[in-house]
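Read through the structure below, which is laid out as structure tokens, and then see the notes.
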Amino acid sequence: MFKFLEPNKIFLITSKATKYVMVLFILVLSIGLVEALVLSPQDYKQSHSVRIMYVHVPGAWISLGIFSSITFLSLSGYIFKNKNFFLIAKSLAPSGLVFNIVALVTGSIWGKPTWGTWWAWDARITSMLILFLFYLIYLLAWRIYQNKDKVYKITTLITIFGIINVPIIKYSVDWWNTLHQPASINILSKSSIHSSMLFPLVIMTAAFALFSLLIFLMKYNTELIKIKNKGLDRL
């Protein structure tokens, strides 16, 4: 089934998809910003500073989701000996790093009026910082190692160690006493967030997901063009 994942066949799809994703991203982002900045009510405690949530939370979610995807792709590539999985993982990493930074920066901005400090070595904040370091190490490994077989093995090991941190980020507010508030959205139980805030949060998450997809397509297409210029039909 991996014959459908050959660079030439994928490029026919990804090269055309970019412009459609861009249009859809702009549309969804516009709706999300209106909902988040205008229509969404202010919080009774945090006032208008709660609007940072519409950037902070989606940024954290996307960052965690991308790293989880990178780990799955790296393991799959290593097990099935399909190098294109590694290329997809490599192309996803930059947007994951960007959203990790977005989550850290907006969390710091949110923390100043809410907690009275720009930074605290809170369990969730610290674990998100550790995730940032794993993203950084992962991307540096691709730049440092020229031997492809070696970089595949090293980046896979990095993701295996890094994925351990993902459930720590998720459950840190439950395992330790932290400044960070508990989860307001629960899939298996009733969410504590009001629908007037949940809707713009979902829309902004969709916009961020589309943006990460857009960055991925641009990066992935660039990588495929490099392969094509080298005269390679397969990875």
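Just give me the residues in segment 28-54 being modelled with pLDDT under 80, outside any helix (DSSP H, G or I) and of a type in the set (Ser, Thr, Tyr), in sequence order. Hits for segment 28-54 are Tyr44, Ser47. On the given criteria, is Ile101 part of a helix (DSSP H, G or I), of a type in the set (A, V, I, L, M, F, W, C), surrounded by fewer than 21 Cβ atoms within 10 Å (Cβ to Cβ) and modelled with pLDDT under 95? Judged against the criteria, Ile101 is not a match. Considering Leu131, Leu64, Leu139, Leu73, the condition of being crowded, with 21+ Cβ neighbours inside 10 Å, more than 23 Å from Ala207 (Cβ to Cβ), under 15 Å from the mean Cα position of the chain (by Cα) and aliphatic (A, V, I, L, M) is satisfied by Leu73 alone. Under the condition of being without any contact (Cβ under 8 Å) to a residue 40 or more places away in the chain and not in a helix (DSSP H, G or I), which residue from segment 110-124 is surrounded by the most Cβ atoms within 10 Å (Cβ to Cβ)? Applying the filter and picking the extreme gives Trp119. Restrict the check to segment 14-27 and report whether at least one residue is surrounded by 19 or more Cβ atoms within 10 Å (Cβ to Cβ), modelled with pLDDT of 95 or more and within 27 Å of Ile169 (Cβ to Cβ). The answer is yes; a qualifying residue exists. In segment 171-197, the residues that are surrounded by 11 or more Cβ atoms within 10 Å (Cβ to Cβ) and part of a loop (DSSP other than H, G, I, E, B) form Cβ pairs under 7 Å with partners that are modelled with pLDDT of 65 or more and among the charged types (D, E, K, R), at six or more places apart or across chains, as follows: Thr178/Asp122; Thr178/Arg124; Leu179/Asp122; His180/Asp122; His180/Arg124.
Here is a check on your reading of the model: is Gly107 of a type outside the set (A, V, I, L, M, F, W, C), at pLDDT 95 or above and assigned to a helix (DSSP H, G or I)? Taking the combined requirement at face value, the residue does not satisfy it.
The values are calculated or read from the model by the stated rules, or taken from the named source; none is laboratory data. This structure is a prediction, so every number in the text was calculated from the model and none was measured. Here Cβ is always computed from backbone atoms with ideal geometry, including for glycine, and neighbour counts include all displayed protein chains.
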